[in-house]
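Student: Following this message is one structure expressed as structure tokens.
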Amino acid sequence: MTDQSISTEPSRPHDHEHCIDTALARARELCEERHVQLTPLREKVLAIVWRSHKPVGAYEVLDTLARTHKAARPPTVYRALDFLMAEGLIHKIESLNAYLGCGEAGHPHESQFLICRQCGTTEEIVDAGLDKALAAATKKAGFAVERKVVEIVGVCRRCRLG
């Protein structure tokens, strides 16, 4: 995979419904290939996560879901989020304890995230060079990596120029 920006912030007008439709179609395809069940509830949770380019918290997902699924409870949402993460359909933004749709679902990749502290938009990037540099640095230090999270907080282009 080449270095690229994945779930980029919308720097120009775009059809966000198309983003959601594409993500849902890809999720259905991947789950069918993997013989795992993308239930209507899991699909609804995925659509909620994808509704913007900003990470969404589990309780925000629950509040939205409860409008149409009266029996929705926190364990229901957490199970759906865990499934979606396990299948590589969403990412957890650790510093925000929130979730973001994965624009490269189905393709193995190491992600880094750019988080705008002003508008909250989060951009997933994939930079193989950065990933290699981190691997080399941890190896040199004799450090056994168990989990790697790269989240960079700053101000996005739109907020800076806006």
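Student: Mean 1/r over all different Cα pairs, inverted: what Kirkwood radius does the chain give, in Å?
Tutor: Hydrodynamic radius (Kirkwood, Cα pairs) of the chain is 16.8 Å.
Student: Also, I was wondering about something else. Take the cross-link list 44/70; 54/132; 92/140; 44/92 and give me the ones stretching past 23 Å between alpha-carbons.
Tutor: Too far apart for the 23 Å limit: 54/132; 92/140.
Student: Out of every Cα pair in segment 113-162, what percent are spaced more than 19 Å from each other? Numbers along the way, then the final one.
Tutor: Working: 510 of 1225 pairs.
That tail contains 42 percent of the Cα-Cα pairs.
Student: If you don't mind, there's one more thing I want to ask. Taking the Cβ of residue 118 as the centre, find all other residues whose Cβ is under 10 Å away and add up their charges (Lys, Arg: +1; Asp, Glu: -1). Please list the in-between numbers first.
Tutor: Values: positive: 117, 158, 160; negative: none.
Around residue 118, the charge tally is +3.
Student: Counting Lys and Arg as +1 and Asp and Glu as -1, each charge on the Cβ, what is the dipole of segment 9-161 about the Cα centre in debye, to the nearest 20?
Tutor: Dipole magnitude for segment 9-161 comes out near 420 debye.
Student: Given the peptides 146-155, 46-55, arrange them by the average over their residues of other C-beta atoms within 10 Å, most packed first.
Tutor: The most tightly packed comes first, giving 46-55, 146-155.
Student: Can I ask one more? Quick one: if you stick a label point 7 Å off each Cα along the C-beta vector at residue 143 and residue 161, how many nm between them?
Tutor: Going from the residue 143 label point to the residue 161 one covers 3.5 nm.
Student: List the lysines whose Cα lies under 24 Å from the Cα of residue 139, skipping any in the same chain that are fewer than 8 positions away.
Tutor: The reachable lysines, counting only those whose Cα sits under 24 Å from residue 139, are 148.
Student: For the pair residue 59 and residue 39, how long in nm is the line joining their label points, each one 7 Å along Cα→Cβ?
Tutor: If labels sit at residue 59 and residue 39, their model points lie 2.4 nm apart.
Student: Could you work out the helix-only [θ] at 222 nm for the chain, with each DSSP H run of four or more residues adding -39,500 (n - 2.57) and the total divided by the number of residues, to the nearest 500 deg cm²/dmol?
Tutor: Mean residue ellipticity at 222 nm (helix-derived): -13500 deg cm²/dmol.
Student: Ordered by packing density, taken as the mean number of other Cβ atoms within 10 Å over each peptide's residues, highest first, how do 136-143, 113-120 rank?
Tutor: 113-120, 136-143
Read-outs: derived from the displayed coordinates by stated rules, not from any lab. Source: prediction; values computed, not measured. Using ideal geometry, Cβ is built from the backbone for each residue, glycine included, and neighbour counts are taken over all protein chains shown.
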